[in-house]
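Student: Please read through the structure below; I'll follow up with questions.
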Amino acid sequence: MEAIQVTTVTQKFACKEQAMLYFGFQKKSKRTFERYAEEFKLNPKFSSGYINPTGGLPLYEIEKFEAFLRWKDANKYL
């Protein structure tokens, strides 16, 4: 019997529902996530982490969205 090699792939992008779940927004406010997502999309520093290939399925780069949330946290009182 031949051995099968399995490669683990880390998910790079998440749809809105997956991102909300991953970052804990499903238990909080959907509207807060939507506001943050809009700000993320419009901010030149982070906008490359947003793609919308079909016009109805926005995808968020997980690492970049996390960096955005950390940036928001660090700049919340400025």
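The values are calculated or read from the model by the stated rules, or taken from the named source; none is laboratory data. Since the model is a prediction, treat every value here as computed from it, not as a measurement. Counting neighbours? That spans all protein chains shown, and the Cβs are built from the backbone with ideal geometry, glycine included.
Student: Can you tell me which residues in region 2-20 are at pLDDT 90 or above, loosely packed, with under 14 Cβ neighbours inside 10 Å and more than 13 Å from Glu66 (Cα to Cα)?
Tutor: Taking region 2-20 and keeping what is at pLDDT 90 or above, we get 12-20.
So of that shortlist, the ones also loosely packed, with under 14 Cβ neighbours inside 10 Å come out as 12, 15, 17.
Within region 2-20, Cys15, Glu17 meet the criteria.
Student: Kindly indicate whether Thr32 is at pLDDT below 95 and not in a helix (DSSP H, G or I).
Tutor: Values: at pLDDT below 95: yes; not in a helix (DSSP H, G or I): no.
No.
Student: Residues of region 1-29 being farther than 17 Å from Lys72 by Cα, in a loop (DSSP other than H, G, I, E, B) and in contact (Cβ under 8 Å) with a residue 24 or more places away in the chain, which ones?
Tutor: Within region 1-29, Gln11, Lys12 meet the criteria.
Student: Any chance region 54-72 includes a residue that's in contact with an Asp or Glu (Cβ under 9 Å, 6 or more places away or on another chain), buried (at least 18 other Cβ atoms within 10 Å of the Cβ) and not aromatic (Phe, Trp, Tyr)?
Tutor: Taking every residue of region 54-72 in turn, none turns out to be in contact with an Asp or Glu (Cβ under 9 Å, 6 or more places away or on another chain), buried (at least 18 other Cβ atoms within 10 Å of the Cβ) and not aromatic (Phe, Trp, Tyr).
Student: Contact list please: Cβ distance under 9 Å, first residue in region 63-77 and within 13 Å of Ala14 (Cβ to Cβ), second residue part of a helix (DSSP H, G or I) and hydrophobic (A, V, I, L, M, F, W, C), pairs at least six apart or on different chains.
Tutor: Lys64/Phe40; Phe65/Ala19; Phe65/Ala37; Phe65/Phe40
Student: Return the residue satisfying two criteria in turn: it lies in region 21-34 and is exposed (fewer than 13 other Cβ atoms within 10 Å of the Cβ) and of a type in the set (Ser, Thr, Tyr), and of such residues it is farthest from Gly55 (Cα to Cα).
Tutor: Out of the qualifying residues, it is Ser29.
Student: Same structure again: Just give me the residues in region 35-47 being surrounded by fewer than 12 Cβ atoms within 10 Å (Cβ to Cβ), charged (D, E, K, R) and assigned to a helix (DSSP H, G or I), in sequence order.
Tutor: First, pick out the residues of region 35-47 that are surrounded by fewer than 12 Cβ atoms within 10 Å (Cβ to Cβ): 35, 38, 42, 44-45.
Subsequent filtering for residues that are charged (D, E, K, R) retains 35, 38, 45.
Scanning region 35-47 gives Arg35, Glu38.
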